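Shown next, in structure tokens, is the structure this report addresses.
Readers should treat all values here as calculations from the given coordinates under stated rules, not as data from a laboratory. Bear in mind that the values here come from a model prediction, so they are computed numbers and not experimental data. Counting neighbours? That spans all protein chains shown, and the Cβs are built from the backbone with ideal geometry, glycine included.
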Amino acid sequence: MNRHISIIHRATCAAFCIFTVGFAQAQLPSIPSGTISIELQQVATGLASPVDLVSPNDGTGRLFVVEQGGTIRVLKNGTLNASPFLNISAQIKAGGEQGLLGLAFHPGFSNSASPGFRKLYTYQTENPSTPADFTVPASRFENQCVVTEWQVSAANPDVVDPGTRRDVIRIDHPQGNHNGGEIGFRPSDGYLYIAIGDGGSGGDVGDGHTPNLGNAQDTSNLLGKILRIDPLAPALNPTADPVAGNGKYRNPANNPFVGAPGREEIYAFGFRNPYRFSFDPVADQLIVGDVGQGAIEEVDVVDRGGNYGWNRKEGSFLYNGGSVSPDPNPNPAFINPVLEYDHDDGISVIAGFTYRGAAVPALAGKYVFGDFLRRGTSGGRLFYGDLNARTIQELRLGVNPRAFGMQIKGFGTDDAGEIYVLGDSGSTGGQVLKIVPIPATPALLNLSTRLRAETGENVGISGFILTGSAPKNIAIRGIGPSISHGGQKPASDRLLNPAFTLFDASGAPIGGNDDWMSAARRQEVIDRGLAPSDQRESAEIFTLQPGVYTAVIQGANGESGVALIELYDLDQGGPGNLVNISTRGRVETDEQVLIGGFIIGGTQAQRVMVRALGPSLSGRGIAGALQNPTLELVNSSGTAVGSNDNWRSDQEKEISESGLPPSSDAESAIIRSLTPGQYTGVVRGVGDSTGVALVEVYRLNP
């Protein structure tokens, strides 16, 4: 790590503690709040335990909502049809993890020339009163997991013809939990994939579980697996794929156990309870959420023939009959998850979808998923993950972030790739919610800090956080020669040739400028009226995704002096906001104090915290920290609207409850509700003391 990046990392830690990853207990880091913000648009209410939402991709725009009790509802033009699409509540066994759990439409559903025309499939649990196609040794069975084919009525496309029922596969299931439940056709091969759990109970042991091995590892049975079949009646669809033993479907010829020991239906194995999965048609990935035992929730990218470890492993950890421990020598036969988290962050992963819609550009290519319920709360959580970087962050809900407030039971997508969340608060409190952008809410628009930029670790460092649903155009300027003090331009203390570099949250440089006439977007700088008055000054415009960024300003030739670093929000009508700026610089006396300016836009007052930090910087490896900073907040007319020396002396309760109290009592903080306009925070040292300080501005929730 080079020296500048090291400095940036320490500054970022100092500036952005609100987003810092913490360690809750023993297994994995806590999931941090991310910078992508969304809103949830209510699409349907009054549902009873909605667990799945599926589009038939037939051009009608209809969405079909699966209710766990045994009904499927049609969501048409934003309204739920009064009559159900299908009602099999009298034929299933529901309650707990049992019920009507999955729905899939055949790829040829709308093609009259296809043998799959008007055909759909359900996955449900039923009483074990009919002989099963597959069983395991057990004293009794709590239910059977059944995949059934149906056809839509020729007279009414919004109703299933119940007389067309044809059971495709029926599997004995020892206990009532771990039924899996997701079914879906893969766009790239047209086969039906089926997720089924390990048989239930806990640990994949006991009655109905293979002794000393577990069902999930036993390829002679179908429990704890992802299955892949061609569900059409073989006589209607003659292919080279072998017909299954019950004569009702075919097994793809390239399934891993066709012609080898093991069940021909198996595509992948080693799962505990793969409740939900999805396909990303762009990357052609099968992405499965496998609900954990007592410690770890996981998301897997599943390949043909892969072994995902249960019950030898829970996530990437060794499973030891009720506890987990780090795996010092991973067995290459087991495939680790791409995402995982522990039970401090949730209790049951609910797999979602890779976002391929257009409404929320910031989510493009991100994997959106959630957790059923966080312990000690009444609601689940929404996450987004980067499957390549193997990172998870929590989605911010709304302009002023709030908790989800309901259990999360499933996700779905429409024909445009937009994602829906299925929330439930009990009885008929189920809802369908669509992920949409946050509304435009101008808040902190223009942010600037005047500081003394020196060399080495005392360069000027300005960090900022951008949140929202879409990228934003942000202008950054480094000003020096044109700085004036009281209308004068002292030649002695200005930074005569300022240059800046912009870094992302990882410390990687993403751009910068020295002498604005060389800027890549110079004409746009001019057109927006942001051209500096001196050609030695710097300016550039960046299109930035929501995230954490740091700009380093210094003399282009190693000189020192007073400089001004400025940020401008150029898309004030967009769904995103600058919510924080934090600038580190050296505090001297007289005019060479640290000055942070900001503009509040829009028409509404904003609740803002301004902080001045000094002593706590020493603990972050920053030398020469200002030991007793004071803070004054003034408006555009120069009138003080607040001042503080030692934050506990004023607003202690409110500052503590904000979650952002300074770590040293000698540091300063002010919270105010400020009307739109220009404001300045001035940091000085008590008794004209000098040193390195940090001035921060946060937009807080109302």
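Each of V421, V692 was scored by other Cβ atoms within 10 Å of its Cβ. Listed from fewest to most, they are V692, V421. Rounded to the nearest 0.05, the FRET efficiency derived from the C-beta distance between N473 and R140 at R0 = 60 Å is 0.40. Ordering G677, S482, G370 by the projection of their Cα atoms onto the charge dipole of the chain, which places +1 on the Cβ of Lys and Arg and -1 on the Cβ of Asp and Glu, puts G677 at the extreme positive end.
For the chain, take the longest principal axis of its alpha carbons; what is the angle in degrees between that and the long axis of helix 3-15, to the nearest 10 within 0 to 90? The helix 3-15 is inclined about 80 degrees to the chain.
Only helices enter this figure: runs of n ≥ 4 DSSP H residues, each worth -39500 (n - 2.57), summed and divided by the residues of the chain, yield -1000 deg cm²/dmol at 222 nm to the nearest 500. Semi-axes of the equivalent ellipsoid for the range 31-436, computed as √(5λ) from the eigenvalues of its C-alpha gyration tensor and ordered from largest down, come to 28, 28, 20 Å.
The modelled label-to-label distance between S663 and N388, using points 7 Å beyond Cα along the C-beta direction, is 3.4 nm. The local environment of L213, defined by Cβ-Cβ distances under 12 Å, has a net charge of -2 under the rule Lys, Arg +1 and Asp, Glu -1. Taking only C-alpha pairs under 8 Å that are 6+ residues apart, what is the relative contact order of the chain in percent? After rounding, I find 12 percent. Counting charges near Q407 (Lys, Arg +1; Asp, Glu -1) among other residues having Cβ under 11 Å from its Cβ returns a value of +1. Its relative contact order, with pairs defined as Cα atoms under 8 Å and 6+ residues apart, puts the range 529-658 at 9 percent.
Mean sequence separation of contacting Cα pairs (under 8 Å, at least six apart), scaled by the length of the range 31-436, corresponds to a relative contact order of 16 percent.
If a spin label sat at a point 7 angstrom from the Cα of T60 along the line to its beta carbon, the backbone N atoms of the range 143-170 nearer than 12 Å would be those of 152-161. In the set (1) -0.31, -0.56, -0.70, -0.94; (2) -0.48, -0.74, -0.85, -1.07; (3) -0.24, -0.49, -0.64, -1.02, the label that goes with log10 I(q)/I(0) by the Debye sum over Cα atoms at q = 0.05, 0.07, 0.08, 0.10 Å⁻¹ computed for this structure is (1). Taking the centroid of alpha carbons for each part, the range 286-306 and the range 588-639 are 47 Å apart.
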